[in-house]
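The values are calculated or read from the model by the stated rules, or taken from the named source; none is laboratory data. It should be emphasised that the depicted structure is a prediction, and the values quoted were computed from it without experimental measurement. Don't worry about glycine lacking a Cβ; one is built from the backbone with ideal geometry, like all the others, and counts go over all protein chains shown. Protein only, heavy atoms only, side chains kept; ligands, DNA and RNA dropped before computing areas. Shrake-Rupley method; radii C 1.70, N 1.55, O 1.52, S 1.80 Å.
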Amino acid sequence: MVLLKGDQAAQDPWIRVADEDPVPDGASALLTYDRWRRDRDRLVLRNAPLGIILHSEQSPLPIADDLPRLGLVALEFPKFTDGRPYSHARLLRQRLGYRGEVRAVGNVLRDQLLFMRRCGFNAFELPDGADVGEWCSAFDEISVFYQPAANGPPSAMDLRWPAESPAETPVSVFGMRGY
Amino acid sequence: MYRYDTLDQNLVDERARQFRGQVARRLSGELSEAEFRPLRLMNGLYLQLHAYMVRVAIPYGTLSADQMRALAYIARTWDRGYGHFTTRQNIQFNWPNLADVPDILDALAAVEMHAIQTSGNCIRNVTADAYAGVADDEVADPRVYAEIIRQWSSLHPEFSFLPRKFKVAVTGAPQDRAALRVHDIGLRLCRDSDGALGFEVMVGGGQGRTPMIGTTIRSFLPEADLLTYLEAILRVYNMLGRRDNLYKARIKILVHSLGAETFAAMVEDEWHQLEDTGPALPAHEIKRIRAFFLPPTYEDLEATVPEFEARRRQDTAFARWCQTNLARHRRSGYAIVDVSLKPEGGSPGDIMAEQMEAVADLAKRYSFGEIRVTHAQNLVLPHVKLAELSAVWEGLAAAGLETPNVGLVTDIIACPGLDFCNLANARSIPVAQRIIERFRNLDRQHDIGELRINISGCINACGHHHVGHIGILGVDRKGEEYYQITLGGSSDETASLGKVVGPSFSYDAITDAVEVIVTTYLAQRCQGERFLDTYRRVGAQPFKEDLYGIAQG
């Protein structure tokens, strides 16, 4: 696995802890939602970073109150076609105001990175051997965004109607082409 | 018509460039077909029985003459000289080489077109009333909102991997020419008691193997809330729609299993929470888009034109065409012209490159350069002066496009079927051709009157058989093509699903069966009744008796 944070390869300090294994002392521990629910009372007393991994059918809304304690929320794509984590990432960022790391894990494909980033993911687990520079070029392939989302450059609407412009006319630099 | 600004153009150009890179990776072997599949599907490229097929988006079925010419150029340069218009107002090219597809996308981008989201489990190309802006029963122009939805849904980061494909249709008129009730979302423009503009929102209609009529979940949604409300519907669907079974993944199944009221409450709840972060639709943006769809500069014309009336009286062929292929324009002295793509011997929706050019020329000369595509796979010249109808008719006739059958028994909707599609169980096009041939007599067609026959080659229902007045569904029976008949379907504002009339018919018997049904209707009908009216009044029994004999019951 190659970890991409922002647009750089990074070391991964997080240890994924299986449900039946003990939580290591002093290390950054990434737990399942079930484990967190089961041992929550003990885990909150722990003095090291905690993260939770949510499967694609698990909404982040039930962990809303726990988010201030969490350094990482990993959202798992069991298949690239399972688009639920996109909604979950936006809920984390835009509804719940979570500002920590939101990581895409599982079946992460190069040609979906841009969608993920726009929904609020800021870390990505790439397959072994992935060329980070090549994967990151996917971020630059599209520069126009029609919708506001959790992250990313201003939308087409923002560019056409900057806050300071009078609401009478759209910005005129965007001329029209003839055929 | 909407014209791209630099932002719109950049997006389409970048997308074409991105796909060129992906095709290069596929051709070099860097990407396997399995890895390439999701990428090509995001760009409307299917792998069919014999070749790739590229489906080009025609947003809300609106084309300029120049765009039509570009489609003709593509058909001639990279395909076999023709294209196929679909029930979703798009066009398909059935024979491109993979290596040429990037050039096709570039040629499209040059005329402000693309193939984005014409396939895949995303929000598909938005459709609208083909008579938008010219229908005399229209409350407001749906193209304005369809364009807004086109932009909002394009490359939507959250909704590009939905449980299943998602189709939105918009109309501005009470008479439904866009089949709203069989779409995932149907939007009908209306006004509230204060005269403010908004939408009736219908959700959960669809065809396929589990056909359903959509339910209204909101009778009035203010126009400013359009995008946040759509975002709420899509989010609820994206999170809760089934992903374990391809055939239960459409939103209609979710709405049905939750109950429309519960679903509506979930959408309302999501919508209220989205208000601050959702996509706003300020009045000035609606105004900006509306400016592109202002009416052309019509002339003040008399409502009756003596030369036109005279020719109608004297020339039977012209009169017949006028009877079926013209619709009332909102402006006096103008007509809406339907151009039938259902000639005898043809494939429904198919059109040759030369014919595209002929339509483009006529549009430029007589219809302010505008063309529409209908969901019945025909074309429309939306603004023709009554005084110029003769010239338009002659121009169409010179191109073999004057078939006077719009809305009649031979104006058949059909999917490509087993001749092209790898999902099909049976052929559709030859069945349509045989029926068209059987009913070729125009006097007879006009006597039969309005009758919609829809043919699908498999249960996926691309030929809309569930909403045909007579629906024909191809099925496989022990390796043989058989056809099941449904009666009483309709996709208009009185939408209904057809009911299976009885056991299916063989390929050789299906045309006779259709003829029996038509004969039964003619025997049963009262003065002024259309086929659908008669069927709704008398029910299936007389048809069953004539098709299967009394014993069947």
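Percent antiparallel among DSSP beta bridges with both residues in chain A, to the nearest 5?
Values: 7 of 27 bridges.
Among the beta bridges of chain A, antiparallel pairing accounts for roughly 25 percent.
Evaluate the charge dipole of region B:6-109 about its Cα centre and quote only its size in Debye, nearest 20, assuming +1 on the Cβ of each Lys and Arg and -1 on the Cβ of each Asp and Glu.
Numbers: 12 positive and 11 negative charges, 49 e Å.
It works out to roughly 240 debye.
Quick one: accessible surface of A:Thr81, probe radius 1.4 Å, all protein chains present, in square angstrom to the nearest 10.
A:Thr81 has an accessible surface of roughly 60 Å² with all protein chains in place.
Quick one: net charge of B:Arg477's neighbours, Cβ under 15 Å, K/R +1, D/E -1?
On the way: positive: B:Arg427, B:Lys478; negative: B:Asp476, B:Glu480, B:Glu481, B:Asp508.
Surrounding charge for B:Arg477 is -2.
At q = 0.09 Å⁻¹, what is the log10 ratio I(q)/I(0) for the protein assembly as shown, with the Debye formula run over Cα points and no solvent?
Listed by q, the Debye log ratios stand at -0.84.
Report Rg/Rh for region B:139-204, rounded to two decimals, where Rg is the Cα radius of gyration and Rh the Kirkwood radius.
Result: Rg/Rh = 1.00.
State the antiparallel share, in %, of DSSP beta bridges confined to region B:134-290, rounding to the nearest 5. Mind dumping the intermediate values first?
Details: 13 of 17 bridges.
Here the antiparallel bridges make up roughly 75 percent for region B:134-290.
Need one word for region A:8-63: rounded, prolate or oblate. Basis is the Cα gyration tensor (sqrt eigenvalues a ≥ b ≥ c); a/c below 1.5 gives rounded, then a/b vs b/c decides.
Oblate, since a/c reaches 1.5 and b/c is not below a/b.
Given q = 0.14 Å⁻¹, what are the Debye log10 I(q)/I(0) values for region B:134-290, with equal point scatterers placed on the Cα positions and solvent ignored?
Log-scaled intensity ratios, in q order: -0.67.
Taking only the alpha-carbon atoms of region B:306-398, what semi-axes of the equivalent ellipsoid follow from 5 times the gyration tensor eigenvalues under a square root, in whole Å, largest first?
The three semi-axes for region B:306-398 are 21, 15, 12 Å.
Give me the net charge for the shell around A:Gly71: Cβ to Cβ below 15 angstrom, other residues only, Lys and Arg +1, Asp and Glu -1. Kindly include the intermediate steps, with their values, before the conclusion.
On the way: positive: A:Lys5, A:Arg16, A:Arg46, A:Arg69, A:Arg99, A:Arg103; negative: A:Asp12, A:Asp66, A:Glu101.
Spelling it out: positives minus negatives among the neighbours equals +3.
Taking all pairs of distinct Cα atoms, average 1/r, flip it, and tell me the Kirkwood hydrodynamic radius of region B:412-469 in Å to one decimal place. The partial results should precede the final answer.
Values: mean 1/r = 0.0847 Å⁻¹.
With all distinct Cα pairs of region B:412-469 included, I get 11.8 Å.
Heavy-atom accessible area of B:Leu522 with all protein chains present, probe 1.4 Å, nearest 10 Å²?
60 Å²
How high is the relative contact order of chain A, in percent, with contacts defined as C-alpha pairs under 8 Å that are six or more residues apart? The partial results should precede the final answer.
Values: 268 pairs, mean separation 32.4, N = 179.
The normalised contact order for chain A reaches 18 percent.
Got a sec? Charge dipole of chain B, +1 on Cβ for Lys and Arg, -1 for Asp and Glu; which of B:His114, B:Ala130, B:His465 is way out at the positive end?
Going by the charge dipole, the pick is B:His465.
Shape verdict for region B:254-319, please, from the Cα gyration tensor: rounded (a/c under 1.5), prolate (a/b greater than b/c) or oblate. Intermediate results must be reported in sequence, preceding the final value.
Numbers: a/c = 6.59, a/b = 2.10, b/c = 3.13.
Judged from the Cα gyration tensor, region B:254-319 comes out oblate (a/c at least 1.5, b/c at or above a/b).
Quick check on chain B: take the gyration tensor over C-alpha atoms, sort the square-rooted eigenvalues as a ≥ b ≥ c, and tell me if it's rounded (a/c under 1.5), prolate or oblate. Write out the running numbers ahead of the final one.
On the way: a/c = 1.26, a/b = 1.15, b/c = 1.10.
Rounded, since a/c falls under 1.5.
Could you give me D for region B:6-109, from Stokes-Einstein at 10 °C and 1.306 mPa s, where the hydrodynamic radius is the Kirkwood radius over C-alpha pairs? Units µm² s⁻¹, please.
112 µm²/s
Once the mean 1/r over all distinct Cα pairs of region A:1-147 is inverted, what Kirkwood radius in angstroms do you read off? Intermediate values should be presented prior to the final figure.
On the way: mean 1/r = 0.0634 Å⁻¹.
Kirkwood radius, region A:1-147: 15.8 Å.
If I histogram all Cα-Cα distances within region B:493-553 using bins 10 Å wide from 0, what percent of pairs lands in each bin?
20, 52, 25, 2
Quick one: longest stretch of chain B between exposed loop GluC sites (Glu not before Pro), exposed meaning at most 13 other C-beta atoms within 10 Å and loop per DSSP? Mind showing how you got there, number by number?
Working: sites that count: B:Glu30, B:Glu275, B:Glu299, B:Glu302, B:Glu344.
By the stated rule (loop sites, at most 13 other Cβ atoms within 10 Å), B:31-274.
Only four residue types carry charge here, +1 at the Cβ of Lys and Arg and -1 at the Cβ of Asp and Glu. Report the dipole size of chain B about the Cα centre in Debye, rounded to the nearest 20.
Values: 60 positive and 70 negative charges, 236 e Å.
Value, rounded to 20: 1140 debye.
What does DSSP give for region A:1-106 in terms of the percent of beta bridges that are antiparallel, rounded to the nearest 5?
Values: 3 of 21 bridges.
About 15 percent, rounded to the nearest 5.
For region B:61-181, what D do you get in µm² per second when you plug the Kirkwood radius from alpha-carbon pairs into Stokes-Einstein at 37 °C and 0.692 mPa s? Display every interim value, and only then the final one.
Details: Rh = 15.7 Å.
Approximately 209 µm²/s, per Stokes-Einstein.
Could you work out the relative contact order of region B:458-508, using alpha carbon pairs under 8 angstrom and six or more residues apart, expressed as a whole percent? Don't skip to the answer; put the middle values down first.
Working: 108 pairs, mean separation 17.0, N = 51.
Relative contact order of region B:458-508: 33 percent.
What Cys residues in chain B have no fellow cysteine's beta-carbon under 4.7 angstrom?
Unpaired cysteines in chain B: B:Cys122, B:Cys190, B:Cys322, B:Cys421, B:Cys458, B:Cys526.
Accessible area of B:Tyr548, 1.4 Å probe, to the nearest 10 Å²?
Surface accessible to solvent at B:Tyr548 totals approximately 50 Å².
At most 15 other Cβ atoms within 10 Å plus a DSSP loop assignment makes a site exposed; report the longest stretch of chain A without any exposed GluC sites (Glu not before Pro).
Working: sites that count: A:Glu20, A:Glu57, A:Glu164, A:Glu168.
In short, A:58-163.
Explain nothing, just compute: Karplus ³J(HN,Hα) = 6.51 cos²θ - 1.76 cosθ + 1.60, θ = phi - 60°, for every residue of region A:72-89 in order, whole Hz, x for Gly and Pro.
3J(HN,Hα) across region A:72-89, in whole Hz: 8, 10, 9, 10, 9, 9, x, 9, 5, 7, 8, x, 4, x, 4, 5, 5, 5.
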